[in-house]
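Quick notes on the structure that follows.
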Amino acid sequence: MPPPVFRFAPSPNGFLHLGHAYSALLNFESARRSDGRFLLRIEDIDTTRCRPDYEAAIYEDLGWLGIAWETPVRRQSEHLADYRAVLDRLSALGLLYPSFESRAEIARLVAERETRGAWPRDPDGAPLYPGTAKSLSIGERERLLRSGDPYALRLDMAAAIRVAGDLTWTERGLGPDGETGEVTAQPATWGDVILARKETPTSYHLSVAIDDALQGVTDVVRGQDLFWSTSVHRLLQKILDLPQPVYRHHDLVRDDAGAKLAKSSRATGLRELRVAGTTPDDIRRRIGLP
């Protein structure tokens, strides 16, 4: 049998923190214990926030922790053609449609519906897209596309579920409510998710499913905050006939207030800890690893 393949896939939109160290070390140690392979992938599709200095810091911080990875490193920005090809396949299946509303317009549409009762939200707490663009005629869609206005390409979730049928995944970790073992995927809870935008021909959901398949990833080890995202990934894997990895979602490293560490909240970065005299062994102790 081929060796198992693990990966750590950070975005260079900020400096790595203790939560990243935990996930990276779990993947690296899992690969080492199983005589497997460990890959590093740079998820840099967000051109407005990703920066070369953040990417350089990722390599530096991981090396400092004692983590080694195979080269070359896959950088998503260098493989946009892969994602465009998959979008073309999904479009040919009739599973994609463009939506043209701004975020403010979508918020207004949701607010109008909430006057008649609670509007459903996805597992991250964001309101589901109302689906108004699906009612546009073909001619109106073509006119809006020709106008040059921004748009998002959305997955027609109901149609996609009809194609894929019931889905499960093998969970070797724990979900937020203790889910483990054979877990039933629930992609409908995400509504018509965005798979690409006019200026970016991919999204997290699309690129992670494609990259894991192209790189032969067999074991996905990541935080519990991404547990229910697996439902969308399983849906895409089934429709596109991609291999199904085994998943292990791990606990999140939290701050003193119990909130998960995040770049957006300016969680203390590994580089700051290193400058302050923290050692890699200190990092391991702080995140509960031997």
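The values are calculated or read from the model by the stated rules, or taken from the named source; none is laboratory data. Quantities reported herein were computed from a predicted structural model and do not represent experimental measurements. For neighbour counting, all protein chains shown are included, and Cβ atoms are generated from backbone atoms with ideal geometry for every residue, glycine included.
The listed residues are 127, 123, and the only one of them that is touching a residue at least 12 places away in the same chain (Cβ under 8 Å) and either loosely packed, with under 12 Cβ neighbours inside 10 Å or closer than 21 Å to residue 237 by Cα (or both) turns out to be 123.
Pairs meeting the criteria (first residue in segment 1-15 and within 15 Å of residue 214 (Cβ to Cβ) and touching a residue at least 60 places away in the same chain (Cβ under 8 Å), second residue assigned to a loop (DSSP other than H, G, I, E, B) and β-branched (Val, Ile, Thr), beta carbons under 6 Å, at least 6 apart or on different chains) are 5/217; 5/218; 7/217.
Selection of helices (runs of 4 or more DSSP H) fully inside segment 29-128 by the criterion of at least 1 residues being within 30 Å of residue 186 (Cβ to Cβ) and out of contact with any Pro (no Cβ under 8 Å at 6 or more places or on another chain) returns 80-92, 103-114. When the residues of segment 53-106 are filtered to those that are β-branched (Val, Ile, Thr) and in the same structural domain as residue 32 (by TED's automatic domain parsing), the one that is nearest to residue 42 (Cα to Cα) is 73. Taking segment 133-196 and the strands (runs of 3 or more DSSP E) fully enclosed by it, the elements with 2 or more residues that are at pLDDT 95 or above and surrounded by 12 or more Cβ atoms within 10 Å (Cβ to Cβ) are at 152-155, 168-171.
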